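The values are calculated or read from the model by the stated rules, or taken from the named source; none is laboratory data. Owing to the predicted nature of the structure, the values given are computational and were not obtained by experimental measurement. A quick note on method: Cβ atoms are made from the backbone with ideal geometry, for glycine too, and the neighbour counts reach across all protein chains shown.
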Amino acid sequence: MSIQNLKDFADQRGIKLKIQKAIVEEATENIAKKYNYSKDQIKENFDNLLFEIESEAYKVYLKYEKEYGENVLKTFIDHLVKTDKITNLNQVGEVLSRHFNIFDKFFLSLGQSRRTRAGSSFETIHNSLFKVLNYKFDEQKVINGKPDFLMPSLKHYKENPMDCIIFTSKRTLRERWRQVVTEGTRGLGFFLATIDTKVSSPQLSEMLNHRIYLVCPESIKSKYYSDKVNVLSFTQFFKDFLDPSLERWARNKII
């Protein structure tokens, strides 16, 4: 049977690239070991950790991508030998050149995967750090949309939505922030984490009307949004919103 797609070939043999969540968790663990921060220190240094874990996650990804690519190519060559497509070394160049298209598609798919994972890692890093900090949340639950984090839980949201925090991560916003308005219209507040530096004043005013707070690193807030009342640093988000809510939920035996 002719092989048309190397990724499908690899999948059929159980060769998989490590999932992004596991990669980010490994990167988070690496950075955690590097600093050995307490929970309070993690919150104080959240901005830097966000960027550092992202950089580390990319390094970890490249390591696993290399292992995956090597494994796929070795398995494919072994397959060509076992099926007598290659019977001696003199045939290797000719046989492999005939499979140029599937190699091209394979490496293109790896490049696309790399870009996709880079975008999705922003959300996954928040997930990982929130877990390290023992914040309670449910992930990707459908309410009137599907926010990344529903705090403290879907169960409590159904009982008392005004007591809940809705938190979503988007590396860049464009017009996608409007999705947040439909991601549960009854929450205590909508918090949209980003590192986007191009959110306009009219957009921020419209967000304010919908009770949407932008949460970003202090360096971005002070440089681009210093006069915007609904733009918070991560430190402000923890101190003024999430930690007080955590205390209230614990006091009322919700968590």
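Quick check on segment 65-83. Is at least one of its residues surrounded by fewer than 13 Cβ atoms within 10 Å (Cβ to Cβ), assigned by TED's automatic domain parsing to the domain that holds Leu17, polar (S, T, N, Q) and out of contact with any His (no Cβ under 7 Å at 6 or more places or on another chain)? Yes: segment 65-83 contains one or more residues that are surrounded by fewer than 13 Cβ atoms within 10 Å (Cβ to Cβ), assigned by TED's automatic domain parsing to the domain that holds Leu17, polar (S, T, N, Q) and out of contact with any His (no Cβ under 7 Å at 6 or more places or on another chain). Out of (1) within 23 Å of Phe122 (Cα to Cα); (2) part of a loop (DSSP other than H, G, I, E, B); (3) β-branched (Val, Ile, Thr), what's the single condition that is false for Ile3? It is condition (1) that Ile3 fails. Screening Leu62, Leu17, Leu49 for residues that are within 16 Å of Ser121 (Cβ to Cβ), of a type outside the set (D, E, K, R) and exposed (fewer than 14 other Cβ atoms within 10 Å of the Cβ) leaves exactly one candidate, Leu62. Note on segment 87-160: enclosed helices (runs of 4 or more DSSP H) holding 3 or more residues that are among the polar types (S, T, N, Q) and surrounded by fewer than 19 Cβ atoms within 10 Å (Cβ to Cβ) are 100-132. For segment 20-43, a residue qualifies if it is surrounded by fewer than 12 Cβ atoms within 10 Å (Cβ to Cβ) and part of a helix (DSSP H, G or I), and the qualifying residues are Lys33, Lys34, Lys39, Asp40.
Looking at Leu204, Leu192, just one residue is modelled with pLDDT of 90 or more, touching a Lys or Arg at 6+ places or on another chain (Cβ under 7 Å) and part of a strand (DSSP E or B), and that residue is Leu192.
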